[in-house]
Amino acid sequence: MKKIYLIMLLMVAVNFGAQAQDAELRDRYEIADIMNRYATALDTQDYALLRSIFSVDVEVMIIFDADSPDGGEVKLVGIDDWVKYVQEALAGTKASQHLLGNPMIKFLGDTAIVRTDLQATEYYKDLNKPKTTVWGVYETHMVKDKNWKITKHTLTSIGSE
């Protein structure tokens, strides 16, 4: 009887561990999907999609490298200011492509911190303006309520041309 009890207890423990691992893998997939939807929202100028992945009180910081034509830092708080900034930034583009890679996801309680590499190229409506490419790193904080939402988003540019 003791053996049966120990075997059942071991099976419950193994099952619980497997469920926890499945949940973490599902969270990792969902977080990577959020970052992919973010790039898609920018490239398609889908502002409803952009709004859907950020919290209402999102904090955004963009740190441009010294050689960037945009220069300096931009700090925004709130989804409305963030979407307005993106709309104005993309208004003169005819196309853009945001390539994201190497997502590194770290969990701290109910928060995920994601480091993602970026290469973004923009092509302008004004044919006299050359395309620009920015390389950088995103640090994105997400919290899961029902779904994962971006609560803090920082872009640090490491170079541009």
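None of the figures in this text is laboratory data; all of them are computed from the coordinates on show. Nothing here was measured: the structure is a model prediction, and the numbers come from that model. Cβ atoms come from the backbone with ideal geometry, glycine included; neighbour counts cover every protein chain shown.
Of all residues in region 71-130, how many are small (G, A, S) and either under 21 Å from A48 (Cα atoms) or in contact with a helix residue (DSSP H, G or I) (Cβ under 9 Å, 6 or more places away or on another chain) (or both)?
So the count comes out to 8.
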- prompt: Among the residues of region 63-106, which ones are assigned to a loop (DSSP other than H, G, I, E, B), within 14 Å of L118 (Cβ to Cβ) and not charged (D, E, K, R)?
  reply: F64, S68
- line: For E139, the lone unmet condition from (1) closer than 17 Å to D43 by Cβ; (2) within 10 Å of the chain's Cα centre (by Cα); (3) of a type outside the set (F, W, Y) is (1)
message: Return the residues of region 28-48 that are under 13 Å from the mean Cα position of the chain (by Cα) and over 18 Å from T121 (Cβ atoms); say none if nothing qualifies.
response: R28, Y29, E30, I31, A32, D33, I34, R37
statement: Within region 47-57, the count of residues that are touching a helix residue (DSSP H, G or I) at 6+ places or on another chain (Cβ under 7 Å) and either assigned to a loop (DSSP other than H, G, I, E, B) or loosely packed, with under 13 Cβ neighbours inside 10 Å (or both) comes to 2
message: I'd like to verify a number: residues in region 101-160 that are of a type in the set (K, R) and free of Cβ contacts under 8 Å to residues at least 12 places away in the same chain, how many?
response: 3
task: Please enumerate the residues belonging to region 65-91 that are farther than 24 Å from A32 by Cα, surrounded by 12 or more Cβ atoms within 10 Å (Cβ to Cβ) and in contact with a strand residue (DSSP E or B) (Cβ under 6 Å, 6 or more places away or on another chain).
output: D65, S68, V74
- request: Determine whether V60 is in a strand (DSSP E or B), within 24 Å of K75 (Cβ to Cβ) and free of Cβ contacts under 8 Å to residues at least 24 places away in the same chain.
  value: no
task: Hey, can you tell me all the residues within region 92-113 that are aliphatic (A, V, I, L, M) and buried (at least 16 other Cβ atoms within 10 Å of the Cβ)?
output: L100, I105, A112
- prompt: Is it true that some residue in region 123-136 is under 22 Å from R28 (Cβ atoms) and outside any strand (DSSP E or B)?
  reply: no
